[in-house]
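Enquirer: The structure's right below; bear with me while I get my questions together.
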Amino acid sequence: LLVGTCAQSEATAQAITLTKVSSFLPAGLDQCDDIHVVGNRVYMPHDMSGLHILDVADPANPKVLGSFNPSWRVRQVRLRGNHLFVVTADYASLKVLDVSNPAAVREVGSVNVGDYDPCLRLWGRYALLAARAAGLKVYDISQPTQPVLLGTCPADSALGIDVVGSYGFVSDWPG
């Protein structure tokens, strides 16, 4: 985790100053595969050492609130309420974790998405997954512990997804 500030000079719109405030690497973590920040909490997934949850209320002194090291590889995470939606790198699944107590994270839901290492975006009550050869998948997550597949859009190899307004944009690798 690298915490910094960015300030723009009032004298010129071109001058930006970046200042490192702190850096922090939880024990067992040699790199971070993704990062998701909500309020004062940072969610850091790693393929081999699982999930690390940090408190950054004081950005100069991040503190570990908890870790979760499952048998599957944590790739990407997004938070909705007290539920962290996780895509795995190896089991082609969307996992749901209860993170209301960061010191005692527990898995509360799971669904197979059909291909490895999907890309995740949350949009309203939906989880959208670019799931490579399995295409774009849309799940209803209004009941977070029981994601329900609503539909699939075919793709050669859907790699990434983003949503703007009511449009979903999927990066697809033809082949």
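The values are calculated or read from the model by the stated rules, or taken from the named source; none is laboratory data. Being a predicted model, the structure only gives us computed values, none of them experimental. Note that we place each Cβ from the backbone using ideal geometry, even for glycine, and neighbour counts take in every protein chain shown. To get the accessible areas, we keep the full protein, side chains included, count just its heavy atoms, and leave off ligands, DNA and RNA. Shrake-Rupley method; radii C 1.70, N 1.55, O 1.52, S 1.80 Å.
Enquirer: Among the residues of the stretch 18-40 satisfying the criterion of being part of a strand (DSSP E or B) and open to solvent by 80 Å² or more (accessible area, probe 1.4 Å), which is modelled with the highest pLDDT?
Expert: Ranking the qualifying residues of the stretch 18-40, first place goes to Val37.
Enquirer: Related question: Take Asp98 and tell me if it is touching a residue at least 12 places away in the same chain (Cβ under 8 Å), touching a Lys or Arg at 6+ places or on another chain (Cβ under 6 Å) and buried (at least 17 other Cβ atoms within 10 Å of the Cβ).
Expert: It is true that Asp98 is touching a residue at least 12 places away in the same chain (Cβ under 8 Å), touching a Lys or Arg at 6+ places or on another chain (Cβ under 6 Å) and buried (at least 17 other Cβ atoms within 10 Å of the Cβ).
Enquirer: Looking only at the stretch 72-92, count how many residues are among the polar types (S, T, N, Q), surrounded by 17 or more Cβ atoms within 10 Å (Cβ to Cβ) and more than 9 Å from the chain's Cα centre (by Cα). It would help to see each step written out before you state the result.
Expert: Looking only at the stretch 72-92, we keep the residues that are among the polar types (S, T, N, Q), and these are 76, 82, 88.
Still in the running and surrounded by 17 or more Cβ atoms within 10 Å (Cβ to Cβ): 76, 88.
If we keep only those that are more than 9 Å from the chain's Cα centre (by Cα) too, we end up with 88.
Qualifying residue count for the region: 1.
Enquirer: While we're here: If you go through the stretch 73-98 one residue at a time, how many are in contact with a Ser or Thr (Cβ under 7 Å, 6 or more places away or on another chain) and not in a strand (DSSP E or B)?
Expert: Here the count works out to 2.
Enquirer: Next question, about the same structure. Restricting attention to the stretch 56-72, which residues are among the polar types (S, T, N, Q) and either part of a loop (DSSP other than H, G, I, E, B) or modelled with pLDDT under 90 (or both)?
Expert: Asn61, Asn69, Ser71
Enquirer: Separate question: For the stretch 34-93, which residues satisfy the criterion of being without any contact (Cβ under 8 Å) to a residue 12 or more places away in the chain and either out of contact with any strand residue (DSSP E or B) (no Cβ under 6 Å at 6 or more places or on another chain) or closer than 20 Å to Val148 by Cβ (or both)?
Expert: Of everything in the stretch 34-93, those that are without any contact (Cβ under 8 Å) to a residue 12 or more places away in the chain and either out of contact with any strand residue (DSSP E or B) (no Cβ under 6 Å at 6 or more places or on another chain) or closer than 20 Å to Val148 by Cβ (or both) turn out to be Gly39, Asp58, Ser71.
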